């Protein structure tokens with residue numbers, strides 16, 4: 001991981017001049033957790049952003065050759081606020097990209113909006129990131145969208161396969177108490193109501209201080225058929241191990257983006273992860289049926305550039321999210337900015353973007369909700385999927401059908 005961070009730093013410092021430049025660089029801020037507990041995801045997401053910039057430069061896209069990323073390592077909301085101020089006051093940036101983690105993203109988005117600079121979120125899913133903010137855009141799915149995806153999969157696939165009705169199915173939601181956990185859990189509850197599923201309990205816990213056995217004891221008392229778990233990696237693993245150790249009988253368990261879908265979930269649990277489902281953003285292994293011909297070609301180019309930057313590594317979910325967010329900025333927004341690269345000009349160009357679904361490398365499109373809407377600045381064509389850890393140790397996408405890579 002240290003080698004990856006060093007490579008990222010070297011690539012970022014050299015990026016703007018590697019292809020030649022005759023004008024002064026255009027600095028774009030980038031804030032990600034490159035150290036600390038969220039570092040693996042933050043590093044991968046930044047690598048995806050960097051790969052998108054390199055592809056844009058190689059294709060000769062307008063303005064891309066002049067872009068240079070000014071990267072800051074942030075681990076906490078307070079550091080995120082300070083990083084925004086530093087980038088605005090010392091580097092005079094008009095656009096800041098970030099940030100993988102929802103706690104970091106909410107703080108950075110709030111501060112950037114106050115400073116009237118564009119904040120471009122590439123990975124964090126908490127709904128609150130874009131709420132009531134004029135200069136904030138997000139290219140990935142919201143937490144509530146991921147939650148709704150888990151609920152729809154349960155209602156449309158799992159319940160019919162079990163031979164029961166939606167009204168008979170008992171669902172328990174276990175979730176963290178922070179904005180990420182609440183966003184996903186609220187989306188799950190809303191979609192469950194729409195689909196006629198009964199959520200018999202919502203069990204919140206603080207991931208910084210909790211007893212897995214106590215959480216599972218409350219879970220068992222609700223007699224669930226289905227568990228929807230919204231956790232981070234360490235607490236998610238601890239809760240799932242406690243579920244298995246308790247011998248609690250479930251028809252299925254579906255986690256979400258910050259735990260159950262992550263490669264470390266399977267690596268650390270081994271066969272104990274087999275059969276578990278997860279709702280998240282897609283990685284680079286996506287069915288060709290979900291992509292246009294142009295997107296399939298771009299995916300191959302993106303994977304090659306990402307691998308070149310990261311010792312041949314494949315793009316996981318954070319890497320793909322970083323690339324999609326970066327590509328939307330470098331390919332669809334910056335070339336269409338009229339006049340100087342000011343925050344207001346970038347904002348105006350972003351609101352005009354209209355990329356059909358299937359055109360991005362993960363099957364997404366790009367269309368931001370306009371001001372005046374509750375989800376203003378949110379990409380309404382972001383992609384979300386449900387996958388399952390299978391016996392070969394691989395996560396196979398199962399839902400929606402157009403994205404499926406397994407059964």
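Residues checked against (1) closer than 30 Å to residue 229 by Cα; (2) modelled with pLDDT under 95; (3) buried (at least 19 other Cβ atoms within 10 Å of the Cβ):
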| residue | (1), (2), (3) |
| --- | --- |
| 326 | yes, no, yes |
| 343 | no, no, yes |
| 360 | yes, no, yes |
| 365 | yes, no, yes |
| 382 | yes, no, yes |
| 390 | yes, no, no |
| 399 | yes, no, yes |
| 402 | yes, yes, no |
| 406 | yes, yes, no |
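What number of residues within the range 250-264 are at pLDDT 95 or above and over 17 Å from residue 385 (Cα atoms)?
Residues flagged as at pLDDT 95 or above and over 17 Å from residue 385 (Cα atoms) within the range 250-264 amount to 2.
When the range 124-147 is examined, which residues are found to be assigned to a loop (DSSP other than H, G, I, E, B) and crowded, with 24+ Cβ neighbours inside 10 Å?
124, 125, 126, 139, 140, 141, 142
Mind checking which residues of the range 101-123 are modelled with pLDDT of 95 or more, within 14 Å of the chain's Cα centre (by Cα) and outside any helix (DSSP H, G or I)?
If the condition is that a residue be modelled with pLDDT of 95 or more, within 14 Å of the chain's Cα centre (by Cα) and outside any helix (DSSP H, G or I), then 120, 121, 122, 123 are the ones that fit.
For the range 346-360, which residues satisfy the criterion of being under 26 Å from residue 157 (Cα atoms) and touching a helix residue (DSSP H, G or I) at 6+ places or on another chain (Cβ under 8 Å)?
The first filter runs over the range 346-360 and keeps only residues under 26 Å from residue 157 (Cα atoms), leaving 357-358.
Answer for the range 346-360, where residues must be under 26 Å from residue 157 (Cα atoms) and touching a helix residue (DSSP H, G or I) at 6+ places or on another chain (Cβ under 8 Å): just 358.
Residues that are within 16 Å of residue 146 (Cβ to Cβ) and assigned by TED's automatic domain parsing to the domain that holds residue 263: which helices (runs of 4 or more DSSP H) entirely in the range 159-235 hold 3 or more of them?
Of the helices (runs of 4 or more DSSP H) lying wholly inside the range 159-235, those with at least 3 residues that are within 16 Å of residue 146 (Cβ to Cβ) and assigned by TED's automatic domain parsing to the domain that holds residue 263 span 179-195.
Please pick out the residue among 372, 326, 339, 393 that is at positive phi and either part of a helix (DSSP H, G or I) or in contact (Cβ under 8 Å) with a residue 24 or more places away in the chain (or both). Quick ask: steps written out before the conclusion?
Working: 372 fails: either part of a helix (DSSP H, G or I) or in contact (Cβ under 8 Å) with a residue 24 or more places away in the chain (or both); 326 fails: at positive phi; 339 fails: either part of a helix (DSSP H, G or I) or in contact (Cβ under 8 Å) with a residue 24 or more places away in the chain (or both).
After applying the criteria, what remains is 393.
Among 224, 282, 207, which is the only one that is more than 29 Å from residue 359 (Cα to Cα), touching a helix residue (DSSP H, G or I) at 6+ places or on another chain (Cβ under 8 Å) and surrounded by 15 or more Cβ atoms within 10 Å (Cβ to Cβ)?
207
Residue check, residue 229 against (1) surrounded by fewer than 17 Cβ atoms within 10 Å (Cβ to Cβ); (2) under 17 Å from residue 251 (Cα atoms), all met but one. Which one?
(1)
When you go through (1) surrounded by fewer than 24 Cβ atoms within 10 Å (Cβ to Cβ); (2) in a helix (DSSP H, G or I); (3) more than 20 Å from the chain's Cα centre (by Cα) one by one for residue 240, which number turns out not to apply?
Checking residue 240 against (1) surrounded by fewer than 24 Cβ atoms within 10 Å (Cβ to Cβ); (2) in a helix (DSSP H, G or I); (3) more than 20 Å from the chain's Cα centre (by Cα), the one that fails is (1).
With farther than 30 Å from residue 158 by Cβ and outside the structural domain of residue 50 (by TED's automatic domain parsing) as the only criterion, which of 371, 378 stands out? So that I can check it myself, show each step before the final result.
Numbers: 378 fails: farther than 30 Å from residue 158 by Cβ.
The conditions single out 371.
One line per residue, one yes/no per condition, for (1) crowded, with 19+ Cβ neighbours inside 10 Å; (2) modelled with pLDDT of 95 or more; (3) under 21 Å from the mean Cα position of the chain (by Cα); (4) assigned to a helix (DSSP H, G or I):
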site	(1), (2), (3), (4)
7	no, no, no, yes
12	yes, no, no, yes
23	no, no, no, no
30	yes, yes, yes, no
43	yes, yes, yes, yes
47	yes, yes, yes, yes
52	yes, yes, yes, yes
56	yes, yes, no, yes
61	no, no, no, no
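Taking only pairs six or more apart or across chains, which ones have beta-carbon atoms under 9 Å, a first residue in the range 38-62 that is without any contact (Cβ under 8 Å) to a residue 24 or more places away in the chain, and a second residue that is outside any helix (DSSP H, G or I)?
60/19
If you scan the range 342-368, which residues turn out to be touching a residue at least 40 places away in the same chain (Cβ under 8 Å), within 20 Å of residue 134 (Cα to Cα) and part of a loop (DSSP other than H, G, I, E, B)?
342 - this is the single residue of the range 342-368 that is touching a residue at least 40 places away in the same chain (Cβ under 8 Å), within 20 Å of residue 134 (Cα to Cα) and part of a loop (DSSP other than H, G, I, E, B).
Is it true that residue 238 is in the same structural domain as residue 170 (by TED's automatic domain parsing), in contact with a strand residue (DSSP E or B) (Cβ under 6 Å, 6 or more places away or on another chain) and more than 24 Å from residue 45 (Cα to Cα)? First the steps, then the outcome.
On the way: in the same structural domain as residue 170 (by TED's automatic domain parsing): yes; in contact with a strand residue (DSSP E or B) (Cβ under 6 Å, 6 or more places away or on another chain): no; more than 24 Å from residue 45 (Cα to Cα): yes.
Spelling it out, it is not the case that residue 238 is in the same structural domain as residue 170 (by TED's automatic domain parsing), in contact with a strand residue (DSSP E or B) (Cβ under 6 Å, 6 or more places away or on another chain) and more than 24 Å from residue 45 (Cα to Cα).
Go over the candidates 84, 97 one by one and state the one that is under 24 Å from the mean Cα position of the chain (by Cα), outside the structural domain of residue 257 (by TED's automatic domain parsing), outside any helix (DSSP H, G or I) and at negative phi.
97
Which of the residues spanning the range 65-81 are assigned to a loop (DSSP other than H, G, I, E, B) and crowded, with 24+ Cβ neighbours inside 10 Å? Quick ask: steps written out before the conclusion?
Step one: filter the range 65-81 for residues assigned to a loop (DSSP other than H, G, I, E, B), giving 74-76.
Result: 74, single match.
The values are calculated or read from the model by the stated rules, or taken from the named source; none is laboratory data. Since the structure is predicted, the reported quantities are computational estimates derived from the model, not experimental observations. In this analysis, Cβ positions are derived from the backbone assuming ideal geometry, glycine residues included, and neighbour counts consider all displayed protein chains.
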